[in-house]
Amino acid sequence: MATDVRLQYYGAQYGQIISVLLVVSAIAAFAAAGFVYTNPPIEQTSPEETNVQSFSFDTDHRATITGQSQLFDRGRTLQNYPVYFRNSSPDVTFATTISVPQDRSVDVSYRVIANYEATFRGEVFWDQQEVVATNKWTVQDGQVQHNTTLTISEYLSRIDPFESAVGSTGTLSRDLQFVVTYSSPVDGGNRYEGQLRSTTTIQSSSDAYWVSSEIGDSTTKSQTQSSEQYVGQPNMQQVRLLAGSGGILLIAGVSVFVWTRRQDDPAELELAVVRDRYDEWISEGELPTGAASEYVYINSLEGIVDIAIDTNKRVIYDADLETYSVVDENIIYYYARDPTAVSSWLNLSVDE
């Protein structure tokens with residue numbers, strides 16, 4: 001019972017504040033649910049590569065044994081060997097395979113260029129180019145091949161006049177450059193256009209020659225589709241959670257308000273709490289009366305109990321007058337919710 005009284009008392013004291021806080025919280029939850037629903041997330045797509053096309057070429061070198069050789073049989077073809085002999089295999093063939101996209105017609109041109117360059121103290125003062133081979137195609141199946149054959153003695157002797165002209169003044173060098181030019185249609189009416197290049201050197205001795213490096217190149221073309229923003233769907237799970245929480249808080253706030261309104265007078269409840277706290281010091285009885293007695297009004301039940309404790313007396317509760325009192329010789333200390341009613345009753349009693 002003590003717990004019930006305390007709950008009723010604190011509910012009566014703070015119930016309206018609690019109900020207001022609950023209702024305000026409910027309104028905030030509803031507002032948050034509305035905000036989440038009316039402000040869905042802005043989502044952004046990642047940049048994407050489109051119209052991806054690959055272009056490449058690879059070149060193998062090979063030489064067929066046509067002369068006398070103690071190492072290889074006549075008619076044998078050596079491919080991508082580290083060295084070839086000038087007497088037994090005087091010609092070298094460069095076999096180039098060009099790969100382009102298979103799903104469209106691609107314009108391709110191919111050139112093999114002999115480059116000659118003279119330098120003095122690290123600076124180029126003369127250069128010349130000779131086209132060794134050239135060809136063009138419109139490739140529709142994704143691949144085309146081309147063979148370029150050089151007679152090594154003729155290729156190497158082409159530099160002789162230039163060496164005579166330069167003499168010992170500078171340094172003369174030569175190389176072979178392989179160039180593939182492509183032009184491929186792209187969705188939207190555009191085209192991918194570009195070149196693939198690779199350079200190598202044919203080095204030689206008195207009886208042999210060799211290709212100094214691998215030959216080939218590749219590239220990939222693409223277009224980047226920019227990221228896009230779009231409005232996503234609102235988080236309905238969060239909306240329902242917030243709206244449900246708002247409903248629960250609103251019902252709780254209204255319930256607390258109604259319950260608070262139905263409680264007894266807070267002063268009555270407070271008195272009941274104090275009465276329950278000090279029940280061991282209170283006894284049922286009547287308010288003592290007498291002309292010789294002095295009546296002192298105490299403004300709280302706690303004050304009456306303190307006097308009873310200090311004087312080692314009992315608190316007498318008169319249920320008819322709803323009055324608490326402590327008698328200390330001729331002094332009667334009392335407390336009542338309505339002290340004026342008790343004073344009137346005491347005056348009548350004394351007059352009698």
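Numbers for the structure displayed
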quantity: Selection within the stretch 120-135 - within 19 Å of LEU156 (Cα to Cα), of a type outside the set (Gly, Ala, Ser) and touching a Phe, Trp or Tyr at 6+ places or on another chain (Cβ under 9 Å); calculated: TRP126, ASP127, GLN128, GLN129, GLU130, VAL132
quantity: Cβ pairs under 8 Å, 6+ apart, first in the stretch 16-28 and of a type in the set (S, T, N, Q), second open to solvent by 60 Å² or more (accessible area, probe 1.4 Å); calculated: GLN16/PHE257; SER19/VAL254; SER19/PHE257
quantity: Members of the stretch 196-248 found to be open to solvent by 80 Å² or more (accessible area, probe 1.4 Å) and β-branched (Val, Ile, Thr), listed by number; calculated: THR220, THR224, VAL231, ILE248
quantity: Condition check for LEU176: within 60 Å of the chain's Cα centre (by Cα), of a type in the set (A, V, I, L, M, F, W, C) and modelled with pLDDT under 90; calculated: no
quantity: Strands (runs of 3 or more DSSP E) (entirely within the stretch 96-167) containing at least 2 residues that are free of Cβ contacts under 8 Å to residues at least 40 places away in the same chain and under 23 Å from SER198 (Cβ atoms); calculated: 123-139
quantity: Yes/no for LEU242 being closer than 30 Å to VAL24 by Cα, at pLDDT 70 or above and touching a Phe, Trp or Tyr at 6+ places or on another chain (Cβ under 9 Å); calculated: yes
quantity: Qualifying residue in the stretch 28-48 (condition: closer than 30 Å to THR96 by Cα, modelled with pLDDT of 80 or more and of a type in the set (S, T, N, Q)); calculated: no
quantity: Filtered residues of the stretch 294-329 (kept if open to solvent by 20 Å² or more (accessible area, probe 1.4 Å), of a type in the set (S, T, N, Q) and in contact with a strand residue (DSSP E or B) (Cβ under 6 Å, 6 or more places away or on another chain)); calculated: THR311
quantity: Any hit, the stretch 262-277, residues being over 30 Å from ASP60 (Cβ atoms), surrounded by 14 or more Cβ atoms within 10 Å (Cβ to Cβ) and at pLDDT 65 or above; calculated: no
quantity: Residue among SER69, SER88 that alone is assigned to a loop (DSSP other than H, G, I, E, B), small (Gly, Ala, Ser) and closer than 18 Å to LEU156 by Cβ; calculated: SER88
quantity: Filter result for the condition that a residue is assigned to a strand (DSSP E or B) and either open to solvent by 80 Å² or more (accessible area, probe 1.4 Å) or more than 19 Å from VAL108 (Cβ to Cβ) (or both), over ASP175, ASP187; calculated: ASP175
quantity: Answer from THR151, THR134, THR138, THR169 - the residue that is polar (S, T, N, Q) and farther than 27 Å from ASP60 by Cα; calculated: THR169
quantity: Answer residue from the stretch 64-87, given it is modelled with pLDDT under 95 and touching a Phe, Trp or Tyr at 6+ places or on another chain (Cβ under 8 Å) and is surrounded by the fewest Cβ atoms within 10 Å (Cβ to Cβ) among those; calculated: LEU71
quantity: Number of positions in the stretch 195-230 that are part of a strand (DSSP E or B) and either among the hydroxyl-bearing types (Ser, Thr, Tyr) or touching a Lys or Arg at 6+ places or on another chain (Cβ under 7 Å) (or both); calculated: 13
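The values are calculated or read from the model by the stated rules, or taken from the named source; none is laboratory data. The structure presented is a predicted model; accordingly, all values stated were derived computationally and were not measured. Neighbour counts are summed over all protein chains in view; Cβ atoms, including those assigned to glycine, are modelled from backbone coordinates with ideal geometry. What goes into the accessible areas is simple: the full protein's heavy atoms, side chains included, and nothing from ligands, DNA or RNA. Shrake-Rupley method; radii C 1.70, N 1.55, O 1.52, S 1.80 Å.
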